[in-house]
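The values are calculated or read from the model by the stated rules, or taken from the named source; none is laboratory data. Everything quoted here is computed from the prediction, not taken from an experiment. Here the Cβ positions follow ideal geometry from the backbone for every residue, glycine too, while neighbour counts run over all protein chains shown.
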């Protein structure tokens, strides 16, 4: 398709130029388009903060022996209905679901990561050779009211330990979160704090559920509409209400901990003893239930007071029943998710220093006559491991040497490499330190770039 032609199905504009004249301007085919509400572009320099954060995560996963896994963004809708629970907020109100135009299949943009990973493990029999520790960085989608730190497309670090039944792995994953927070420069009990609880096993939750329903029915007149709707379908979620008018009712409600049996209490006690031994402070929060139906035994959240209403930055727990729920063999599992947007907002709120990547060398190119030699030299420097940013011609040309030096300094580069006509005539390139103004400018030979490049990279 030529540039002068409109897209298929669109008529030519009445004043569209005939032929491919070099002077012809691109035609506008409609109003300017914007991103979908609540789905954000991440541009430089903000993207550099994401790369720094992602690097910290990759290093953490390497140290703990977790392997990367990647699953599709689109999954069958039934996966989330069955896995998360029909009466969860996500399934009821927040999923982006649609019918496949080709075959009518019901599909959903993934609203959370764990169900898709479990589906993949079951489908590929991935645990045949034993347990796995996995992690993923995922884009998730929920149709919520966009606000700071809460978007319709958001990103998460997801961590799963599959096939491990003991409380040791529950504690390991909680300590992983602490290690990442420390790597990011966050301080426990000042910037973030840990809350934990146990949801026990299904039979114990059922006994608590019956007692909770009976208690709430006695206070039915004081329940809000959402609580009344959940009363018989998912009463545990009522304990997580943010409605101030219901706080006293929730505080006096039967607590799940009182219904836990010996094995569940022993599991929770073992987790706590490990955290105590590691010197990690925490609060047992009996109202901590998480938002998804698949959890059992240990649940936990890392929370902060520095982000207003969006206080939870990381959460997870054990979900031993999900494999069987999704058609697999019963398999113990535990995992957590950390919101990247919220963590970056938290780092900003506490004034954490996030390094900005800078080039080692900024190549100053006076004009087109220097370009070929400058490009060849820059490639040699890059091959030696140096980060090199080469000045390029703009619409107005190459710009003055003074303006190029200003850009070199603003880039944060350690050195400016100057490919001036005098230097090239001598077979040299001039190297000037930008961070040590008193250092003398040096001339370095172009026929031996590799040797002095190694010195710069050291």
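Residue 157 meets each of the listed conditions (1) closer than 30 Å to residue 306 by Cβ; (2) assigned to a helix (DSSP H, G or I) apart from (2).
Against the criterion of being in contact with a strand residue (DSSP E or B) (Cβ under 7 Å, 6 or more places away or on another chain) and under 18 Å from residue 383 (Cβ atoms), residue 434 does not qualify.
Counting only residues that are surrounded by fewer than 18 Cβ atoms within 10 Å (Cβ to Cβ) and closer than 20 Å to residue 376 by Cβ, which one in the range 412-423 is nearest to the chain's Cα centre (by Cα)? Result: 420.
Yes or no: the range 100-109 includes at least one residue that is assigned to a helix (DSSP H, G or I), in the same structural domain as residue 121 (by TED's automatic domain parsing) and modelled with pLDDT under 95. Don't jump to the end; show me each part of the working.
Residues of the range 100-109 assigned to a helix (DSSP H, G or I): none.
No, there is no match, as no residue in the range 100-109 is assigned to a helix (DSSP H, G or I), in the same structural domain as residue 121 (by TED's automatic domain parsing) and modelled with pLDDT under 95.
Go through the range 59-94 residue by residue and tally those that are over 21 Å from residue 333 (Cβ atoms), part of a loop (DSSP other than H, G, I, E, B) and in contact with a strand residue (DSSP E or B) (Cβ under 8 Å, 6 or more places away or on another chain).
Step one: list which residues in the range 59-94 are over 21 Å from residue 333 (Cβ atoms), which gives 59, 62-63, 73-74, 77, 86-87, 89, 92-94.
After this cut, where a residue has to be part of a loop (DSSP other than H, G, I, E, B) as well, the list is 73, 86-87.
Still in the list and also in contact with a strand residue (DSSP E or B) (Cβ under 8 Å, 6 or more places away or on another chain): 73.
The qualifying residues number 1.
Collect the residues in the range 312-334 that are closer than 17 Å to residue 289 by Cβ and crowded, with 24+ Cβ neighbours inside 10 Å, keeping them in residue-number order. Reasoning before the result, please.
Kept after step one, since they are closer than 17 Å to residue 289 by Cβ, are these residues of the range 312-334: 312, 314-322, 334.
Passing the criteria: 314, 316, 317, 318, 319, 322, 334.
Inside the range 130-147, residues that are part of a loop (DSSP other than H, G, I, E, B) and within 15 Å of the chain's Cα centre (by Cα) make up a count of 1. Considering the range 198-300, the qualifying helices (runs of 4 or more DSSP H), each wholly inside and each with 3 or more residues that are surrounded by 16 or more Cβ atoms within 10 Å (Cβ to Cβ) and more than 33 Å from the chain's Cα centre (by Cα), run over 202-217. Residue 149 falls short on exactly one of the conditions (1) at pLDDT 95 or above; (2) surrounded by 16 or more Cβ atoms within 10 Å (Cβ to Cβ), and that condition is (1). Any residue in the range 80-94 that is surrounded by 16 or more Cβ atoms within 10 Å (Cβ to Cβ), in contact (Cβ under 8 Å) with a residue 60 or more places away in the chain, assigned by TED's automatic domain parsing to the domain that holds residue 277 and on the phi > 0 side of the Ramachandran plot? Within the range 80-94 (the criterion being surrounded by 16 or more Cβ atoms within 10 Å (Cβ to Cβ), in contact (Cβ under 8 Å) with a residue 60 or more places away in the chain, assigned by TED's automatic domain parsing to the domain that holds residue 277 and on the phi > 0 side of the Ramachandran plot), the answer is yes, since at least one residue qualifies.
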